[in-house]
Amino acid sequence: MEKYVNIIANSFTGYFNYLVQEITNPSWNSYFYWLIGLSVLVWLLEIIIPWRSSQNLFRKGFWLDSFYILFNFFLFSLIGYNAISNVGVELFNDFLGLLGMENIVAFHIQNFPGWAQLLLMFVIADFIQWNVHRQLHRQPWLWEFHKIHHSVKEMGFAAQFRFHFMETIIYKTVQYLPLAIIGFGIKEFFVVHMLAVFIGHLNHANLGWNYGIFGYIFNNPKMHIWHHSRDLPKERPYGMNYGLSLSIWDYLFGTAYIPQNGKNIRLGFKGDEAFPEDFKNQIAFPFRKDKDFKNNTSKRTK
């Protein structure tokens, strides 16, 4: 027990020191400044070539989404996620020790070319995320958390980060085992993660791009806006276009849907008029029993 207490204590101080180092000593692998840089880049693109020219520069929900960036990527780790994650990894390693195993690496890809390692991790991670994302829409209890992301009323790059902290726990937990089996390292994860952040920024941005033929491979703004459509077709009660970085999964498994130009479609979900518009109440919403409205079925249309 003392070991885990020390892990928790060291996690808090360790992450705080890491964050201070990130901010005060910028480097080429500084997550903090890469995130800011990519955000500013895509925001400038929105300003220069907006798809919806009538949309305000500081769109509805802009400042809320900006705070979600700060919370989900920094404050959440600082106040607990880093400690929980480290304890979870140690418990898993202790479990392996009971079985006489040091790790669960089944494939050693360190001898692969660098580009092949990155490509493999990118594709595998995105496929896992696509499946998790589908379940966020299909499972009623998961949908309660995912509603926060779909409460966005006007699309912009920062909308990518409006999500409940439980989604971080769910995604990372599901991803951990398969990626650990393949034996990916922190360096590869950083590169793949920043690429996914950039693509996610573009998907949510006020940009009228579909990438032509490459739109069948990569998710894009003209495709992803339909994922946020408030009014779902009867034949797709759980939603569509679940891809995070890659759209190919939706085309392969029949969940792709772009019926027409979605430039000005209504965003949200049925009953969202009563959904909280502030951070505190949005975070608390899935845990409340006295919701203003309930959506206890797995279908978003009810």
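Among the residues of the range 21-34, is any within 30 Å of Lys263 (Cα to Cα), in contact (Cβ under 8 Å) with a residue 40 or more places away in the chain and in contact with a Leu (Cβ under 7 Å, 6 or more places away or on another chain)?
No, every residue in the range 21-34 fails to be within 30 Å of Lys263 (Cα to Cα), in contact (Cβ under 8 Å) with a residue 40 or more places away in the chain and in contact with a Leu (Cβ under 7 Å, 6 or more places away or on another chain).
Does the range 107-129 contain at least one residue that is assigned to a loop (DSSP other than H, G, I, E, B), at pLDDT 75 or above and surrounded by fewer than 17 Cβ atoms within 10 Å (Cβ to Cβ)?
Taking every residue of the range 107-129 in turn, at least one turns out to be assigned to a loop (DSSP other than H, G, I, E, B), at pLDDT 75 or above and surrounded by fewer than 17 Cβ atoms within 10 Å (Cβ to Cβ).
Taking the residues in the range 216-249 that are of a type in the set (S, T, N, Q) and in a loop (DSSP other than H, G, I, E, B) as candidates, determine which candidate is nearest to Gln55 (Cα to Cα).
Asn220
Any idea which of (1) more than 17 Å from Leu75 (Cβ to Cβ); (2) modelled with pLDDT of 85 or more is the one Leu35 doesn't satisfy?
Against the list (1) more than 17 Å from Leu75 (Cβ to Cβ); (2) modelled with pLDDT of 85 or more, Leu35 comes up short only on (1).
Kindly check whether there is at least one residue in the range 250-263 that is in a helix (DSSP H, G or I), exposed (fewer than 12 other Cβ atoms within 10 Å of the Cβ), modelled with pLDDT under 95 and not charged (D, E, K, R).
no
With the structure loaded, tell me whether Gln55 is in a loop (DSSP other than H, G, I, E, B), among the polar types (S, T, N, Q) and surrounded by 13 or more Cβ atoms within 10 Å (Cβ to Cβ) or whether it fails that test.
Spelling it out, Gln55 is indeed in a loop (DSSP other than H, G, I, E, B), among the polar types (S, T, N, Q) and surrounded by 13 or more Cβ atoms within 10 Å (Cβ to Cβ).
Starting from residues that are out of contact with any Phe, Trp or Tyr (no Cβ under 6 Å at 6 or more places or on another chain) and aliphatic (A, V, I, L, M), keep the ones in the range 149-177 and report whichever is nearest to Met194 (Cα to Cα).
Ala158
The values are calculated or read from the model by the stated rules, or taken from the named source; none is laboratory data. Only a predicted model underlies this, so the values are computations on that prediction, with no experimental measurement involved. Neighbour counts are summed over all protein chains in view; Cβ atoms, including those assigned to glycine, are modelled from backbone coordinates with ideal geometry.
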